[in-house]
Amino acid sequence: MTTVHHHPAGVGHPYAHSLDQLMPPTPVVGEPLRFGVTASRGCRAVDLEVEFTDGETVRTPMGRVDGADSDAASLAGGEGHLAAAQEAAMAADNGWVTGWDRVAARDGRYRFVPSDGEPTPWFDLSPATWTADDLGDLRVPGVAPTRVEWLVSRAGVHRARFGLPLGPREHVVGFGERFDAVDQRGRQLDAVVFEQYKAQSRHGRTYLPMPFAHVIDEDGGAWGFHVRTTRRTWFDVGVTLPDVLLVEVDLGWVRPGQRPTVDVGLWRGTPVSVLTAFLDEVGRAQELPPWVLRLWASGNEWNTQALVMAQMDRHRAEDIPVGAVVIEAWSDEEGFCVFRDATYQPGDGSPRSAADFTYPPDGAWPDPAGMVQELHRRGIKVLLWQIPLQKDEGVGPEAAAQAQALVDSGHVVREADGAPYRNRGWWFPRALMPDLSTPQGRAWWTEQRRWLVRDLDIDGFKTDGGEHAWGRELQHGDGRRGDEGNNAFPVHYAKAFGDLLRSEGKAPVTFSRAGFAGSQPHGVYWAGDEDSTWEAFQASMRAGITASACGIVYWGWDLAGFSGPVPEAELYARALGAATFCPIMQYHSEFNHHQPPLRDRTPWNVADQRDAPELVGLALRFAHLREALVPYLEGQARAAVETDRPLMRGLFFDFAGDPTIWAHPGQFLLGDHLLVHPITQSAQEWATYLPAGRWVDVWSGTEHPGGAVVTRRYAWGEVPVFARAEAWGELAEVFDVGR
């Protein structure tokens, strides 16, 4: 007998529909609507039955579809170990669909009737309509919003939308970390935390969105706004109406008779004063120790102690100083608490200590404590990889006990019916998700990992992931549903590990890719997964400038990309130079099943595979230059925390009244005194715009007046960097190292 499944909201994926859902979940009068189900194998036919409140009943045969009709293909990021997993997660071959071209303003209910099985339960059908009626309160101080409308149905008010005026010479920067452009004018985007595996710039999606932006006039004036919500928001920046920034806000479930409120902070002044007002609301960065400003090294295939130490030995032999090593593939990847190959008696899910474990001499990690001690002796800090998920299917007794203890503790994200939520994403599918929205939940989760800091002296955590909470109906422990709590999850996640490190006397060094408004106080961020292409290089630089404009101080990216074949020599050389002048300098490489040729982004591996031995010398030169820059970066990072002037900042912060800067969006200031213009395409000659003032080319010592473009050839060992002339006396000695 056929069984049919329908979930009106689907899996909760923000950009793709699953075959079993209503699309969109809130139908809108006059717009298309798609009905979908999945059916058991052997199903011969399914009908959609709709019963309207006026008494009419309509029955429509549905058509068979397979995975080729889903959105899976557009989601996968190309070649890489996660691409196939993404596609498989959304694909199916047992779907049935039908739909309407235009939804009528008729309420009713619907169900699905298979040819040889029981009908599904009835589902509510309440089409919504946009109306200008006074249904809610919109608070935007200092401006009169235009085109105020509310999306309302029989079930309540669902969304609000309104317009903010845009002047003809205004540019819009922000919305969190953005890969596609620095100036978002002329674009449509949204703010929802999402794991877009590579190619973020093509899709306009980001791990680190924020409903905040600067609006900067070419005459020097600025204003900014923050939509005070953790729910999803959408922005149309002068696309539909050239002189209007349209804002749309999800309101959750506002029942009939209740008045929703949309609260928007709006400030006028300079970009710095606008950012200060925003950070007063969401929090600002904490100054981190200077070691985070040194070179970070990692590779996902460094999955044994011998491999980690061999790479660190090679760095030492090549005289390339390393400040931190990030060890990703250390755990059993079931609970992310136990080193792979450790021997121990399975426990009951209680927190562990180092005394519980022994390590076979021929295992992957024969002496983790000794390894950390040796790395510390060499001046190298150690971070371990984490994922905010707990596997409980097909795992060993230790992870099974951890999972049961997690469920018993009550600190799990839950479905609407109270059952534990299981990850709907493609990475660690069906794993449990800890509820980190409360202090108790954060403490429970990190207590399982305390022994790593207390007993092994680990210095920080790569807090990877954080984008896995899918579904507006989820329940978080702080009382919020998924539509309100999911975007906040990565904020709580980084905070949890930062608090753990503080409690053990360590600096709160977390290394995250996901976040939202409120992530600013929590550690270090990197731009996530990308290919080794010039396009991705350009996108990463835009991501750094925009994230910094929203108050992220410590930011970096996987220099020259982390996925696919090793980068070509010129790209790697240019990326090494650019990373030297970013807040965080680090390289990383993706897991590739240890298939030759290896894909490590170490200078020697890229040099060997690209027949470019000079890359090792370039890496040596840039790494030592970076070491010499650390005192400058330390002081400038401190100033960024104290003054809200970003460490990596677009020129609009200092030269908002210069209209020419908008033609050069890839340039930024690193602190107060260095202007940087990474070479992000294959080229020997590069043009850099120098704004007002006097500037010194740090490689030649030549002084140039501002208000002009300087074009010259740059060898691979040079980056277009200009110092303010008044600071050159102090900085010249630093750049002697790089010559």
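The values are calculated or read from the model by the stated rules, or taken from the named source; none is laboratory data. Here the structure is a predicted model, which means the values were calculated and not measured. Neighbour counts run over all protein chains shown; Cβ positions are idealised from the backbone, glycine included.
Side notes on the structure shown:
- Unmet requirement for Tyr632, which otherwise passes all of (1) outside the structural domain of Gly556 (by TED's automatic domain parsing); (2) closer than 30 Å to Asp319 by Cα; (3) of a type outside the set (Val, Ile, Thr); (4) surrounded by fewer than 23 Cβ atoms within 10 Å (Cβ to Cβ): (1)
- Selected residue (only one of Ala369, Ala403, Ala364 is aliphatic (A, V, I, L, M), in contact (Cβ under 8 Å) with a residue 12 or more places away in the chain and part of a loop (DSSP other than H, G, I, E, B)): Ala364
- Among the conditions (1) over 30 Å from Asp137 (Cα atoms); (2) in contact with a Lys or Arg (Cβ under 7 Å, 6 or more places away or on another chain), the only one that Gly265 does not satisfy is (1).
- Residues of the range 468-514 that are in contact (Cβ under 8 Å) with a residue 60 or more places away in the chain and on the phi > 0 side of the Ramachandran plot: Gly471 alone.
- Restricting the range 188-204 to residues that are among the small types (Gly, Ala, Ser) and buried (at least 19 other Cβ atoms within 10 Å of the Cβ), the residue that is modelled with the highest pLDDT is Ala191.
Residues checked against (1) surrounded by 24 or more Cβ atoms within 10 Å (Cβ to Cβ); (2) closer than 18 Å to Met648 by Cβ; (3) of a type in the set (A, V, I, L, M):
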residue	(1), (2), (3)
Ala514	yes, no, yes
Gly518	no, no, no
Ala527	yes, yes, yes
Trp534	no, no, no
Asp558	yes, yes, no
Gly564	no, no, no
Ala569	no, no, yes
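- Residue in the range 255-267 that is in a strand (DSSP E or B), surrounded by fewer than 17 Cβ atoms within 10 Å (Cβ to Cβ) and not assigned by TED's automatic domain parsing to the domain that holds Ala517 present: yes
- Within the range 571-629, tally of residues that are touching a strand residue (DSSP E or B) at 6+ places or on another chain (Cβ under 7 Å) and within 28 Å of Asp672 (Cβ to Cβ): 10
- Within the range 594-635, tally of residues that are of a type in the set (S, T, N, Q), assigned to a loop (DSSP other than H, G, I, E, B) and free of Cβ contacts under 8 Å to residues at least 40 places away in the same chain: 1
- Answer residue from the range 373-397, given it is part of a helix (DSSP H, G or I) and surrounded by fewer than 21 Cβ atoms within 10 Å (Cβ to Cβ) and is nearest to the chain's Cα centre (by Cα) among those: His376
Results for (1) within 23 Å of the chain's Cα centre (by Cα); (2) at pLDDT 60 or above, shown as yes or no for each residue.
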{"residue": "His13", "(1), (2)": "yes, yes"}
{"residue": "Ala16", "(1), (2)": "yes, yes"}
{"residue": "Leu22", "(1), (2)": "no, yes"}
{"residue": "Gly36", "(1), (2)": "no, yes"}
{"residue": "Ala39", "(1), (2)": "no, yes"}
{"residue": "Ala76", "(1), (2)": "yes, no"}
{"residue": "His81", "(1), (2)": "yes, no"}
{"residue": "Ala84", "(1), (2)": "yes, yes"}
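- Here His468 fulfils each of the conditions (1) within 24 Å of Trp557 (Cβ to Cβ); (2) part of a helix (DSSP H, G or I); (3) touching a Gly at 6+ places or on another chain (Cβ under 6 Å) apart from (2).
- Condition check for Ala355: among the hydrophobic types (A, V, I, L, M, F, W, C), surrounded by fewer than 22 Cβ atoms within 10 Å (Cβ to Cβ) and modelled with pLDDT of 95 or more: yes
- Verdict on Ala543 being surrounded by 23 or more Cβ atoms within 10 Å (Cβ to Cβ) and under 25 Å from Ile320 (Cα atoms): no
- All conditions but one from (1) under 30 Å from Val292 (Cα atoms); (2) surrounded by fewer than 23 Cβ atoms within 10 Å (Cβ to Cβ); (3) at pLDDT 95 or above apply to Lys462; the one that does not is (2).
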